[in-house]
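Read the structure below first, then the notes.
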Amino acid sequence: MKIVIGISGASGARFGFEFLKRCPAEEKYVVVTDWGRHMLSTEAGISVDDLKPHAKQVYRHDDVSSPLASGSNVFDAMVIVPCSVASLGKIANGISDSLLTRAAEVALKERRRLILCVRETPLSTIALENALKLSRDGVIIMPISPPFYTHPKSLDDLYTSFADKVNATLGIPTAKGWKQDEL
């Protein structure tokens, strides 16, 4: 499985890092926005170099010459975690002004699985309308809402439980044995 993972500038960048680490896909390509880099650093003390051991390639969001910007470069799924409301809005309205939003556009036009792990609360009516528009086009809108029924004992437990939920949504078996139909 070949997966593109986007890390936008929303709070919750650690969720993206944990998903990157826990996703067992053979090929993982990461796109990090400038604000995503900032949030990784300020919220979690994580640098882009910390992502590299877990990915085949890490791209800057302004690298629109990347193979990920072309529909000819086949990938199975894209997950943006965390997904800012700004990124959600750009994707919903076809604004492909960065590698992150262009790769999402490719996923949409090629009918590939796209999961947006939105991290914002409360949501405005505009954000809800954008999410609805994308949902109607087959995008999975998956707010960052970690499961508490797993009885987490630490923040790390919350990060890993949510990463496992994303994996299960992709149809990838998880350490807890969750399957898509059990979520």
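The values are calculated or read from the model by the stated rules, or taken from the named source; none is laboratory data. Fair warning: this is a prediction, and the values are worked out from it, not measured in the lab. With ideal geometry, Cβ positions are generated from the backbone for all residues, glycine too; neighbour counts draw on all protein chains shown.
Brief remarks follow.
- Meets criteria (in contact with a Phe, Trp or Tyr (Cβ under 9 Å, 6 or more places away or on another chain), aromatic (Phe, Trp, Tyr) and part of a loop (DSSP other than H, G, I, E, B)) for PHE75: yes
- Of all residues in region 10-24, those that are of a type in the set (Gly, Ala, Ser) and surrounded by fewer than 21 Cβ atoms within 10 Å (Cβ to Cβ) total 1.
For every residue, the table says whether it meets (1) at pLDDT below 95; (2) aliphatic (A, V, I, L, M).
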residue: VAL48; (1), (2): no, yes
residue: GLY71; (1), (2): yes, no
residue: ASN93; (1), (2): no, no
residue: THR121; (1), (2): yes, no
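- Hits in region 50-72 (condition: over 19 Å from ALA10 (Cβ atoms), part of a loop (DSSP other than H, G, I, E, B) and in contact (Cβ under 8 Å) with a residue 12 or more places away in the chain): ALA55, LYS56, ASP63, VAL64, SER66, SER70, GLY71
- Region 83-112, residues that are under 13 Å from ILE141 (Cβ atoms), in contact with a helix residue (DSSP H, G or I) (Cβ under 7 Å, 6 or more places away or on another chain) and not in a helix (DSSP H, G or I): none
- The single residue among PRO152, PRO146 that is more than 18 Å from MET1 (Cβ to Cβ) and in contact with a Phe, Trp or Tyr (Cβ under 6 Å, 6 or more places away or on another chain) turns out to be PRO146.
- Odd one out for ASN130 among (1) buried (at least 18 other Cβ atoms within 10 Å of the Cβ); (2) within 15 Å of the chain's Cα centre (by Cα); (3) part of a helix (DSSP H, G or I); (4) not basic (Lys, Arg): (2)
- Only one entry of HIS54, HIS38, HIS61 meets the criterion of being at pLDDT below 95 and either under 15 Å from PRO82 (Cα atoms) or not β-branched (Val, Ile, Thr) (or both), and that entry is HIS61.
- Test: GLY171 is surrounded by 12 or more Cβ atoms within 10 Å (Cβ to Cβ) and modelled with pLDDT of 95 or more: no
- In region 37-62, the residues that are more than 16 Å from GLU26 (Cβ to Cβ) and of a type in the set (A, V, I, L, M, F, W, C): MET39, LEU40, ALA44, ILE46, VAL48, LEU51, VAL58
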